[in-house]
Amino acid sequence: MRMVKALLLGSVMMVALFITFLVVVHKMRPDLAEFSAFFSGAKLDPVNADKSPEESVKAIYFGTSTILITDGVTSIMTDGFFSRPSAAQLLIGKLEPDRAIIRKALVAAGITKVAAVIPIHSHHDHALDSPEIAQQTGAMLLGSASSVQIGRGWGVPESQLQIAENSQPYTFGKFKVTLIPGQHTPVPAVMQWLTGIGEAIERPMQFPARLADFKEGGSFSVLIEHPLGNVLVHGSGGFVERALDKVSADVVFLGVAGASRLPPSYLEEYYQQTVTAVGATRVIPVHWDDFTLPVADNKLTPMPQLVDDFASSLGFVLTMAGKTNARVTLMQYQDEMKLYPPGG
Ligand SMILES: [Zn+2]
């Protein structure tokens, strides 16, 4: 009996230790204050979020790869992810766009009209809210056949759903938007299987949906061309060799999720095939935030260090940018940046 008791007590202590370890690991996050020199620090002007006083193109950042690009008349949004379901919800719950959170975020940013919302692939941290953004702003949901199935399942009218032809430009106001096939960030084989990388969503998504229902459905680089200048949103850390060789963009939003876990040789190639390939002089690393946490105080929180090391991901971008004389800037939630004309 004493033996059983001791074993039981031992097991309980082991489990408690393990949980403590998980909690500690989860809490170990870099202090963003150490990187303040890289943050643009310019908050948006909510009243004029989608208007510009002069002819210009600006970007507003909302975390992950959710970026609004606007010339004051027409606005394009990539992903449009705001609901940010918690880790527990992802693992054991069901997911659907949170209408109230999305409405609040759009109102706070003064965004009323979006011409196109473009999920860069169909995982939940990119495509979950795209259909609700389409509903609330009248945007066209432009993306893979899988992303369109998510929109269809959420009840977006067919007139607002458009499967993007690879490398085919779509015109919205003065913007020309092209989805160029890319690759998802490399992940271990078991994760590939678990997250449906290389798989498609074959039927209209049934909401609420399980995390595993959000298959990758193909990844894209989004080229946003404007008479004032071009922007490339490369939200996922994979690449297709030479796919961007004919593309020119001075500004690249570069996905760095998982970068700290990838070998330096891969990262170098990744940077060359994206930023260097398009000749960019300005790089804005994105997808560094913990997308299972809500935005608190208009602030995004970086990933726990052991999951994805922010300092090392940023370090890689800085090293590469140093070689090509590119400027690296980070954006916090609702930060705004004038992209074109450059300067000022
Ligand atoms: Zn993904």
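The values are calculated or read from the model by the stated rules, or taken from the named source; none is laboratory data. Worth saying up front: this structure is predicted, and the values here are computed from it rather than measured. Here the Cβ positions follow ideal geometry from the backbone for every residue, glycine too, while neighbour counts run over all protein chains shown. Accessible surface areas use protein heavy atoms only, side chains included; no ligands, DNA or RNA. Shrake-Rupley method; radii C 1.70, N 1.55, O 1.52, S 1.80 Å.
Which of the strands (runs of 3 or more DSSP E) found entirely inside the range 157-198 contain at least 3 residues meeting this: open to solvent by 30 Å² or more (accessible area, probe 1.4 Å) and touching a strand residue (DSSP E or B) at 6+ places or on another chain (Cβ under 9 Å)?
Values: elements: 161-163, 169-172, 175-181.
Output list reads 169-172.
Among the residues of the range 65-79, which ones are within 18 Å of V252 (Cα to Cα) and either away from the ligand (no atom under 16 Å from the Cβ) or of a type outside the set (S, T, N, Q) (or both)?
Looking only at the range 65-79, we keep the residues that are within 18 Å of V252 (Cα to Cα), and these are 65-71, 75-79.
I67, L68, I69, T70, D71, S75, I76, M77, D79 - these are the residues of the range 65-79 that are within 18 Å of V252 (Cα to Cα) and either away from the ligand (no atom under 16 Å from the Cβ) or of a type outside the set (S, T, N, Q) (or both).
On the basis of being closer than 22 Å to P97 by Cα and either acidic (D, E) or more than 15 Å from the ligand (Cβ to nearest atom) (or both), does Q160 make the cut? Walk me through how you get there before you give the answer.
Numbers: closer than 22 Å to P97 by Cα: yes; either acidic (D, E) or more than 15 Å from the ligand (Cβ to nearest atom) (or both): yes.
When the stated conditions are applied, Q160 passes them.
Identify, please: which residue in the range 237-272 is of a type in the set (D, E) and under 29 Å from P341 (Cβ atoms) and is, among those, surrounded by the most Cβ atoms within 10 Å (Cβ to Cβ)?
First, the residues of the range 237-272 that are of a type in the set (D, E): 241, 245, 250, 268-269.
Then keep just the ones that are under 29 Å from P341 (Cβ atoms); that gives 245, 250.
Values: D245: 9, D250: 17.
Here the answer is D250.
Could you pull out the residue among P85, P97, P131 that is under 18 Å from Q160 (Cα atoms), in a loop (DSSP other than H, G, I, E, B) and in contact with a Leu (Cβ under 8 Å, 6 or more places away or on another chain)?
Criteria check complete, one pass: P97.
State yes or no: is A134 in contact with a Ser or Thr (Cβ under 9 Å, 6 or more places away or on another chain), farther than 18 Å from D289 by Cβ and away from the ligand (no atom under 16 Å from the Cβ)? Step through it out loud before you land on a result.
Details: in contact with a Ser or Thr (Cβ under 9 Å, 6 or more places away or on another chain): no; farther than 18 Å from D289 by Cβ: yes; away from the ligand (no atom under 16 Å from the Cβ): yes.
No, not satisfied.
Which condition number in (1) over 19 Å from the mean Cα position of the chain (by Cα); (2) touching a residue at least 60 places away in the same chain (Cβ under 8 Å); (3) not in a helix (DSSP H, G or I) is the one that A280 fails?
Here A280 meets the rest and fails (2).
Hey, does the range 308-317 have a residue that's in a loop (DSSP other than H, G, I, E, B) and not small (G, A, S)? Give the steps one after another, and end with the answer.
Our first condition is that a residue be in a loop (DSSP other than H, G, I, E, B); within the range 308-317, this holds for 308-309.
Adding the requirement that they be not small (G, A, S) leaves 308-309.
Yes, the range 308-317 contains a residue that is in a loop (DSSP other than H, G, I, E, B) and not small (G, A, S).
It is to be established whether one or more residues within the range 86-102 are out of contact with any helix residue (DSSP H, G or I) (no Cβ under 8 Å at 6 or more places or on another chain) and within 16 Å of the ligand (Cβ to nearest atom).
Scanning the range 86-102, I find at least one residue that is out of contact with any helix residue (DSSP H, G or I) (no Cβ under 8 Å at 6 or more places or on another chain) and within 16 Å of the ligand (Cβ to nearest atom), so the answer is yes.
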